[in-house]
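J.: Sharing a structure here in structure tokens format.
The values are calculated or read from the model by the stated rules, or taken from the named source; none is laboratory data. All values reported here derive from a predicted model rather than from experimental measurement. Here the Cβ positions follow ideal geometry from the backbone for every residue, glycine too, while neighbour counts run over all protein chains shown. Surface accessibility is based on the protein's heavy atoms, side chains included, excluding ligands, DNA and RNA. Shrake-Rupley method; radii C 1.70, N 1.55, O 1.52, S 1.80 Å.
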Amino acid sequence: MKGHGGTGNIIEDVGKAIQIVQAWNNPSTKPEAIVPKEVLQNCYGLVFLNFFKIGAVFSSCVGSGFVLTKLDKGTKNEHWSAPSAITSGAFGIGIQVGAEMGHSVFTLNTEHAKKAFYSNGKLKIGTDLEVAAGPMGRRLETSNDVNEIFSTPICSYTFSDGAIIGASLEGNVILQNPEVNKAMYGKELTAEQLLSGAEDDAHVKHVILMELYQELDKAMAI
């Protein structure tokens, strides 16, 4: 299974994620198109989702992407997990004319939010986990900003042509994609095995993942 807005292939979805994070690391990128480094430093994981949204009276939104989490968070051994593939979809009624292709990033701000993605069942954003629009900019102003942000399980950012836009994916149902994981790693692995670090070496042979981790670490250090 794959979402029409994404690739159904982690390697290709990771390539898109690298482009997003590289833009955050580019000094010429406008602050309003950047996830603040404090949000990245403090989160428990990230979701990258590529989607296609179309609608007139009825609207639909489908996509694919992946989740990755921080292992040994808060220690000198902190590092990123192997990614686990996901698909998403939503259907609604309303006046939404036109089509839109974009990319969303969710920051998982709590341990509970991180572990919610271990499940093989459906996860509905905004219902099973509260979501709020994330702050933008290279830095947050105060520590109070960090505390306020991390009282919400998920912060959502939606990008189109490199800019953060106002579209919301609240109400989207996210499903794990074991078929894509098997194609990626050559064996059946659950989301929990990948995201908890039980299969911590599953990603070692994929050089492109190392590039993503390096870009994310750079974004947290800027």
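J.: Would you say Lys187 is within 30 Å of Pro27 (Cα to Cα) and open to solvent by 80 Å² or more (accessible area, probe 1.4 Å)? Break it down into steps so the answer makes sense when it comes.
T.: Values: within 30 Å of Pro27 (Cα to Cα): no; open to solvent by 80 Å² or more (accessible area, probe 1.4 Å): yes.
Here the answer is no, as Lys187 does not meet what is asked.
J.: Among the residues of the stretch 201-215, write down those that are within 17 Å of Asn77 (Cβ to Cβ) and in contact with a Leu (Cβ under 7 Å, 6 or more places away or on another chain).
T.: Passing the criteria: only His203.
J.: For the structure I just gave you, tell me whether Leu175 is open to solvent by less than 30 Å² (accessible area, probe 1.4 Å), modelled with pLDDT of 65 or more and of a type outside the set (D, E, K, R). Give the steps one after another, and end with the answer.
T.: Details: open to solvent by less than 30 Å² (accessible area, probe 1.4 Å): no; modelled with pLDDT of 65 or more: yes; of a type outside the set (D, E, K, R): yes.
Here the answer is no, as Leu175 does not meet what is asked.
J.: On the basis of being open to solvent by 10 Å² or more (accessible area, probe 1.4 Å), at pLDDT 90 or above and within 27 Å of Met184 (Cβ to Cβ), does Trp24 make the cut? Explain how you work it out, then say what you get.
T.: Details: open to solvent by 10 Å² or more (accessible area, probe 1.4 Å): no; at pLDDT 90 or above: yes; within 27 Å of Met184 (Cβ to Cβ): yes.
For Trp24, the condition - open to solvent by 10 Å² or more (accessible area, probe 1.4 Å), at pLDDT 90 or above and within 27 Å of Met184 (Cβ to Cβ) - is not met.
J.: Right, here's the next one. Specify the residue that is modelled with the lowest pLDDT; the eligible residues are those in the stretch 71-96 that are in a strand (DSSP E or B) and buried (at least 24 other Cβ atoms within 10 Å of the Cβ). Quick ask: steps written out before the conclusion?
T.: So in the stretch 71-96, the residues in a strand (DSSP E or B) come out as 71, 79-80, 84-93.
Filter again for buried (at least 24 other Cβ atoms within 10 Å of the Cβ), leaving 84-86, 88.
Details: Ser84: 95, Ala85: 95, Ile86: 94, Ser88: 86.
Restricting to residues being in a strand (DSSP E or B) and buried (at least 24 other Cβ atoms within 10 Å of the Cβ), the top hit is Ser88.
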